[in-house]
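Step one of this worksheet: look at the structure below.
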Amino acid sequence: FFSYFRELICYSAPTFAIMKFSILLVTMMASTANALFMPLQSLAVGESFPASALSKWGLKGKKGVVYFYGADDAPSCSKQNSAFDESLPEFKAKGFAVVGVRNAKGAKGADVSQKLVVDEDDEVRNEIGIPKDFFLLGGRETYVLNSKGEVELVFNSQFEPEKHVQKALAMAEEMQEAPAQNPIAELLASFSK
């Protein structure tokens, strides 16, 4: 033990600095790898989406899909916008409104049917805590909301823009099939058993 301790103390300052830098580099790489393969999500299922944003974007009291993306003219964002645009009739048939959200720098003008809004200074994105992908890109995150504004689905993937639409449509279908809950009817049914 003492010989190990003596060797540690005897390291020159440059060698010790290289060791510290190596540890820092490995830690950063592990953190980045974790963010790449297990993306963080801001709001969780069951939590409420900010009411002010729902009101501002015309979703208050409505079932909706809100998807955050980077810029209208970015290739993957264009794919995502187009995929939502193509699926808009299906969402409407299920009673869902669709809103795409980007910041002012990303508003380049997209030719789509769904509502696109600007999140000034990333106010909503920051309020709900959408993490940046790779430390600099605005996170690509999709929420499916019930009519109370509660999150039913969260999906985060920078590399699968079309999958956001697939996941949102599947949840919309699931929510449409779920029977409306009537607590009085359930209570009466429990007495008849």
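Report the extension gain between residue 44 and residue 148 in nm, rounded to one decimal, defined as 0.36 nm multiplied by the number of residues separating them, less their alpha carbon distance.
36.0 nm
For residue 86 and residue 174, what is the calculated FRET efficiency with R₀ set at 35 Å and r taken between the beta-carbons, to the nearest 0.05?
It comes to 0.95.
On a 26 Å Cα-Cα criterion, which of the cross-link pairs 92/132; 63/115; 79/115; 79/148; 94/115 come out too long?
Beyond 26 Å: 92/132; 79/148.
How much length would be gained if the chain were fully extended between residue 184 and residue 51, taking 0.36 nm per residue of separation minus their Cα-Cα distance, in nm to one decimal?
45.1 nm
Could you tell me which of rounded, prolate or oblate describes segment 75-152, using a ≥ b ≥ c as the square roots of the eigenvalues of the alpha-carbon gyration tensor, with rounded for a/c under 1.5 and, failing that, prolate when a/b is larger than b/c and oblate otherwise?
Oblate, because a/c is 1.5 or more while a/b does not exceed b/c.
Which of the aspartates and glutamates could a cross-linker span from residue 108 if the Cα-Cα distance has to be under 18 Å and same-chain partners fewer than 8 positions apart are dropped?
72, 73, 85, 119, 120, 121, 122
Before I look further, what does segment 77-150 give for accessible area per residue, probe 1.4 Å, in whole square angstrom?
Solvent-accessible surface per residue comes out at 49 Å².
What does the charge add up to near residue 45, with Lys and Arg as +1, Asp and Glu as -1, over the other residues with Cβ less than 10 Å from its Cβ?
Cβ neighbours under 10 Å give a net charge of -3.
Using a 1.4 angstrom probe on heavy atoms only, work out the carbon and sulfur share of the accessible area of segment 57-116 in %.
48 percent
With label points built 7 Å along Cα→Cβ from the Cα atoms of residue 123 and residue 60, find their separation and express it in nm.
Label-label distance for residue 123 and residue 60, simple model: 1.4 nm.
The values are calculated or read from the model by the stated rules, or taken from the named source; none is laboratory data. Computed from a prediction, not measured in an experiment: that's the story for all the values here. Note that we place each Cβ from the backbone using ideal geometry, even for glycine, and neighbour counts take in every protein chain shown. Ligands, DNA and RNA are excluded from the accessible area calculation, which covers all protein heavy atoms including side chains. Shrake-Rupley method; radii C 1.70, N 1.55, O 1.52, S 1.80 Å.
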